[in-house]
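After the structure tokens below, expect a handful of questions from me.
The values are calculated or read from the model by the stated rules, or taken from the named source; none is laboratory data. The shown structure was predicted, so the numbers you read here are calculated from the model rather than taken from an experiment. Backbone-built Cβ (ideal geometry, glycine too); neighbour counts: all protein chains shown.
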């Protein structure tokens, strides 16, 4: 059995030694390393033997801005407090910087004591480069689009006194389209921030009443033909979120109007409080969403019942709410329409 175990260990090491752009190491409870894969030198630019008995040498390669976080995690005495997955930068001997996706896995004995830690570091430098380029392109395009659309909106406003009653609906369509494009640039920016961020969004206590009431007031001005009804009072409580919570309600309220073909669109906002959570309902009086589509409507690229828009707004809602450890769902409204419910944890 011992020989078989040694053969399996040799097979494992042979496998990981041939992984491109991946370094695998096993840290001993005694300090130092029991094993470092051949891929370490490809990633770090340092021969494994240089750090086998000197973990501090490994910490010294960490980028100065990331070093304390990585060091404290590496030296964490409480195994349950170890951040098992994180990103960080290293500085190679030639001065080049590489981004790594790191994972640390504690290995325990039968008594639950940690006897060694397995580390896996994957070079994601190229991925980071593409993300940075995408972010830069997104910011440039949004800036240029917003500038041009603001010009269109400005000229449309100047034209208003000179347009006949017959032409007024066409001018209003131009103004509405310009406003919609500006809205889309905001959604695109918020979406990019969530999907390319290195870490989960930081959360803090946020006033539900102030945030939701502000978005309702703005929607009333933006959609004067729609009726926004707040059933009861918005609870004066704090929820666990951040400054992007407004985007959750903005997209749900916009969705309730933009996909509504009724002559008198009605959007009803209702809140329920529990000991540890708040449930916010945004219901409309549109035709409704088929049951089979309820399961996928929050997925990237899916569109609402009306088929217009990009499908990004509801996907952004789901991403943000999940970052807040909340939940978003859609059900049928009574007697007709859809009821989007957002559950947010109350701040403690």
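Is it the case, given these coordinates, that residue 135 is surrounded by fewer than 17 Cβ atoms within 10 Å (Cβ to Cβ), touching a residue at least 24 places away in the same chain (Cβ under 8 Å) and under 30 Å from residue 85 (Cα atoms)? Full working, then the answer.
On the way: surrounded by fewer than 17 Cβ atoms within 10 Å (Cβ to Cβ): yes; touching a residue at least 24 places away in the same chain (Cβ under 8 Å): yes; under 30 Å from residue 85 (Cα atoms): yes.
Answer is yes for this residue.
Given the conditions (1) at pLDDT below 90; (2) outside any helix (DSSP H, G or I); (3) touching a helix residue (DSSP H, G or I) at 6+ places or on another chain (Cβ under 9 Å), report the number of the one that residue 330 does not fulfil.
(1)
Then there is this: Please verify whether residue 43 is in a helix (DSSP H, G or I) and either outside the structural domain of residue 115 (by TED's automatic domain parsing) or modelled with pLDDT under 85 (or both), treating the condition exactly as stated.
Values: in a helix (DSSP H, G or I): yes; either outside the structural domain of residue 115 (by TED's automatic domain parsing) or modelled with pLDDT under 85 (or both): no.
Criteria not met by residue 43.
Additional query: Filtering the range 197-215 down to residues that are touching a helix residue (DSSP H, G or I) at 6+ places or on another chain (Cβ under 9 Å) and modelled with pLDDT under 95, which residue is surrounded by the most Cβ atoms within 10 Å (Cβ to Cβ)?
Checked the range 197-215; the qualifying residue surrounded by the most Cβ atoms within 10 Å (Cβ to Cβ) is 215.
Can you find a residue that is in a helix (DSSP H, G or I) and modelled with pLDDT under 90 anywhere in the range 81-99? Give the derivation first.
Pass one, the range 81-99, residues in a helix (DSSP H, G or I): 81.
Now drop any that are not modelled with pLDDT under 90, which leaves 81.
The answer is yes, given that some residue of the range 81-99 is in a helix (DSSP H, G or I) and modelled with pLDDT under 90.
Looking at the range 263-293, which of the residues that are in a strand (DSSP E or B) and touching a helix residue (DSSP H, G or I) at 6+ places or on another chain (Cβ under 8 Å) is farthest from residue 207 (Cα to Cα)? Can you show your working first?
Initially, the range 263-293 is screened for residues in a strand (DSSP E or B), giving 266-273, 277-284.
Applying the additional criterion that residues be touching a helix residue (DSSP H, G or I) at 6+ places or on another chain (Cβ under 8 Å) yields 267, 269, 271, 278, 280, 282-284.
Working: 267: 22, 269: 16, 271: 14, 278: 12, 280: 13, 282: 18, 283: 21, 284: 24 Å.
Restricting to residues being in a strand (DSSP E or B) and touching a helix residue (DSSP H, G or I) at 6+ places or on another chain (Cβ under 8 Å), the top hit is 284.
Here is a further query. Given the condition within 19 Å of residue 186 (Cα to Cα) and either at pLDDT below 95 or surrounded by fewer than 20 Cβ atoms within 10 Å (Cβ to Cβ) (or both), answer yes or no: does some residue in the range 277-286 qualify?
no
Restricting attention to the range 122-157, report how many residues are assigned to a strand (DSSP E or B) and touching a helix residue (DSSP H, G or I) at 6+ places or on another chain (Cβ under 6 Å).
Residues of the range 122-157 that are assigned to a strand (DSSP E or B), as a first pass: 122-123.
From what is left, the residues that are touching a helix residue (DSSP H, G or I) at 6+ places or on another chain (Cβ under 6 Å) are 123.
The qualifying residues number 1.
Something else: Looking only at the range 310-342, which residues are buried (at least 17 other Cβ atoms within 10 Å of the Cβ) and over 17 Å from the mean Cα position of the chain (by Cα)?
Correct list: 330, 333, 337, 338, 339, 340, 341.
If you don't mind, another one. If you go through the range 247-257 one residue at a time, do you hit one that is part of a loop (DSSP other than H, G, I, E, B) and in the same structural domain as residue 334 (by TED's automatic domain parsing)? Let's see the steps before the verdict.
Narrowing the range 247-257 to residues part of a loop (DSSP other than H, G, I, E, B): none.
So far as the range 247-257 goes, no, none of its residues is part of a loop (DSSP other than H, G, I, E, B) and in the same structural domain as residue 334 (by TED's automatic domain parsing).
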